[in-house]
1. Going through segment A:138-169 one residue at a time, which ones are away from ligand 1 (no atom under 11 Å from the Cβ) and acidic (Asp, Glu)?
2. Between A:92, A:86, A:105, which is on the phi > 0 side of the Ramachandran plot, of a type outside the set (Val, Ile, Thr) and touching a Lys or Arg at 6+ places or on another chain (Cβ under 9 Å)?
3. Residues in segment A:186-195: is at least one within 14 Å of chain B (Cβ to nearest Cβ) and either within 11 Å of ligand 3 (Cβ to nearest atom) or in contact (Cβ under 8 Å) with a residue 60 or more places away in the chain (or both)?
4. I want to confirm something. Restricting to segment A:168-179 and keeping residues that are in a helix (DSSP H, G or I) and more than 24 Å from residue A:114 (Cβ to Cβ), which single residue is nearest to the other protein chains (Cβ to nearest Cβ)?
5. Among the residues of segment B:140-158, count how many are surrounded by fewer than 19 Cβ atoms within 10 Å (Cβ to Cβ) and either within 18 Å of residue B:201 (Cα to Cα) or modelled with pLDDT under 95 (or both).
6. Here are some conditions: (1) touching a residue at least 24 places away in the same chain (Cβ under 8 Å); (2) buried (at least 16 other Cβ atoms within 10 Å of the Cβ). Residue A:266 meets all but one. Which one does it not meet?
7. So which residues in segment A:135-160 are within 13 Å of ligand 3 (Cβ to nearest atom), over 18 Å from residue A:213 (Cα atoms) and under 13 Å from the mean Cα position of the chain (by Cα), if there are any at all?
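The values are calculated or read from the model by the stated rules, or taken from the named source; none is laboratory data. A quick note: this is a predicted structure, and the numbers were derived from the prediction, not measured. Positions of Cβ are backbone-derived with ideal geometry, glycine not excepted, and every protein chain shown enters the neighbour counts.
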Amino acid sequence: MDPKQKALAEQFQARIDADEKIEPKDWMPDAYRKTLIRQISQHAHSEVVGMLPEGNWVTRAPSLRRKVALLAKIQDEAGHGLYLYGAAETLGIDREELLEELHTGKAKYSSIFNYPSLSWADMGAIGWLVDGAAIMNQVMLTRTSYGPYARAMVRICKEESFHQRQGYEILLTLCRGTEAQKQMAQDSLNRWWWPSLMMFGPSDEASTHTQQSMDWRIKRKTNDELRQQFVDATVPQADFLGLTVPDPDLKWNEARGHYDFGEIDWAEFWNVVKGNGPCNRQRMQARIKAHEEGAWVREAAMAYAEKRQKRQEERKAAVA
Amino acid sequence: MPHSAFFEYLLRLGDNALILGHRLSEWCGHGPILEQDIAMTNIALDQVGQARSLLQYAGQVEGKGRTEDQLAYLRDVGDYRNVLLVEQPNGDFAHTITRQFLFDAFNYFQFEALKQSSDEHLRAIAAKSFKEIAYHLRYSSEWMIRLGDGTEESHQRMQAALEDLWMFSGELTEVTEVDELMLETGVAPDLRSIKKLYDEKVAAIVQEATLVLPADTWMQSGGKTGQMHSEHLGFILAELQFVQRAYPGMEW
Ligand SMILES: [Fe+2]
Ligand SMILES: [Fe+2]
Ligand SMILES: [Fe+2]
């Protein structure tokens with residue numbers, strides 16, 4: 001590394017260590033920029049792909065009140081996608097490129113959305129567990145070192161906690177309902193529990209990105225720390241619902257002050273990451289289809305905007 | 001005023017909002033641009049919200065203790081009172097926008113007049129809804145123009161959508177017995193005067209969009225009287241009502 005670069009890199013790390021926020025125009029190491037683009041775009045894609053399993057129940061929501069609430073929730077997620085694409089764009093990449101990476105499989109999104117939503121209770125479980133797990137991660141990210149990302153997270157976190165409460169309330173209603181409804185809730189927890197734990201990513205030993213991201217203060221807690229935090233917060237909530245967490249090894253460890261829990265099926269985890277989940281192919285096809293079928297709309301909007309501008313200029317010229 | 005006619009009238013208003021909101025909600029997650037996904041969801045939200053107020057009030061007027069959800073989830077096709085236009089499938093974005101515009105342009109003048117309804121509660125609902133509907137009309141008009149006057153392809157798609165959907169526009173301002181009764185009692189405006197405003201508005205936007213209104217089209221109706229819906233409504237209800245039908249009598 002030449003001395004000038006080295007000085008810049010040291011200065012940069014000093015700012016990080018002093019908990020200063022890095023802003024778009026500031027100098028940053030290439031790898032920092034790349035890591036952020038990868039992480040922010042992955043997050044943005046997750047918000048957008050995440051609309052699909054919930055969108056799957058919008059037309060079947062069991063009451064008009066629930067329909068409105070679910071629509072509003074999914075709309076929030078689309079909004080999160082927008083802010084996050086915006087935050088990624090401050091790093092010098094545009095949305096079209098990011099979408100291209102998503103559609104070609106180069107960019108990832110949260111694997112949780114490769115699981116199917118099969119019952120109304122899943123709208124509860126997704127809000128409670130999936131938004132709940134996302135919050136653990138995102139609350140940490142409100143203090144992340146990159147300014148635009150941290151600020152996007154502050155805005156997003158408020159809405160995510162609302163989603164989580166809303167999801168929990170759906171399940172609470174089911175659990176106070178009939179036996180069939182309670183069964184529906186239990187079945188949903190059974191299917192979503194383990195994939196939710198997987199949302200925190202590989203274990204710390206297996207994680208390739210964690211240490212560097214911690215040093216740059218992009219991440220401030222490890223995957224395993226966040227996962228433990230999630231389990232500790234969520235198990236009492238399951239107890240309150242009267243539902244059983246599908247983990248025979250789950251038990252309170254007095255000495256640690258945490259819940260012990262069973263081993264994640266890492267073979268399943270990696271398999272879904274590689275594209276072999278129950279809905280990977282279908283989710284991507286749905287996104288690509290929307291994008292491709294929208295191409296003529298985007299082209300027309302652009303063509304119209306150009307025509308309009310030209311007409312305005314002509315009018316101005318005529319007056320002058 | 002006969003009670004049952006007012007109930008019918010409120011069902012029409014509520015069912016239009018519900019079915020069109022439902023149709024739009026089918027786009028959720030599949031829009032052509034993320035911003036438009038959000039915008040369509042926004043309109044769907046407004047419409048389902050309006051449907052709630054209107055059906056709630058309909059249930060109250062009917063006086064049999066039916067709730068908004070009982071009305072939405074437990075009536076079959078023959079008891080629905082929405083116009084045929086709103087139950088038409090989404091098709092491509094051109095069809096969705098055209099359907100929305102043809103409805104909004106009517107709904108705008110209808111709700112503007114309902115703000116002066118002789119019925120106090122309906123007046124209040126109308127005042128709140130009108131602001132939303134004014135936005136819907138602005139949105140759909142802008143997209144009519146943008147797509148009509150966009151590219152060759154978008155123009156053709158919009159013209160095709162207009163050809164497909166125009167036949168359902170007549171029903172919006174068709175005067176039925178219920179409408180006459182509502183007019184007599186000052187509940188609702190005269191649809192003949194609404195028709196004038198509607199035709200003018202549609203002609204203006206269609207012209208600006210460089211599109212052509214189909215001439216001499218047969219106007220199909222039967223939705224708002226419940227005499228004959230299209231085949232689509234049954235499928236909408238099958239989806240909408242699935243949980244309530246599969247698990248009857250439960251709280252959700
Ligand atoms: Fe989100
Ligand atoms: Fe998120
Ligand atoms: Fe959320």
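1. Selection gives A:169 alone.
2. On the way: A:86 fails: on the phi > 0 side of the Ramachandran plot; A:105 fails: touching a Lys or Arg at 6+ places or on another chain (Cβ under 9 Å).
Just a single option satisfies the conditions, and that option is A:92.
3. Residues of segment A:186-195 that are within 14 Å of chain B (Cβ to nearest Cβ), as a first pass: A:187-188.
Within this subset, residues satisfying the condition of being either within 11 Å of ligand 3 (Cβ to nearest atom) or in contact (Cβ under 8 Å) with a residue 60 or more places away in the chain (or both) are A:187-188.
Yes, some residue in segment A:186-195 is within 14 Å of chain B (Cβ to nearest Cβ) and either within 11 Å of ligand 3 (Cβ to nearest atom) or in contact (Cβ under 8 Å) with a residue 60 or more places away in the chain (or both).
4. Taking segment A:168-179 as the starting set, the residues that turn out to be in a helix (DSSP H, G or I) are A:168-175, A:179.
Subsequent filtering for residues that are more than 24 Å from residue A:114 (Cβ to Cβ) retains A:169, A:172-175, A:179.
Values: A:169: 11, A:172: 11, A:173: 6, A:174: 8, A:175: 11, A:179: 11 Å.
Looking at the filtered set, the residue picked out is A:173.
5. Adding up the residues that qualify gives 1.
6. It is condition (2) that residue A:266 fails.
7. A:135, A:156, A:157, A:159, A:160
For (1) within 28 Å of residue B:4 (Cβ to Cβ); (2) surrounded by 22 or more Cβ atoms within 10 Å (Cβ to Cβ); (3) hydrophobic (A, V, I, L, M, F, W, C), each residue gets a yes or a no:
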site	(1), (2), (3)
B:48	yes, yes, yes
B:75	yes, no, no
B:96	no, yes, no
B:106	yes, yes, yes
B:119	yes, no, no
B:126	yes, yes, yes
B:129	yes, yes, no
B:138	no, no, no
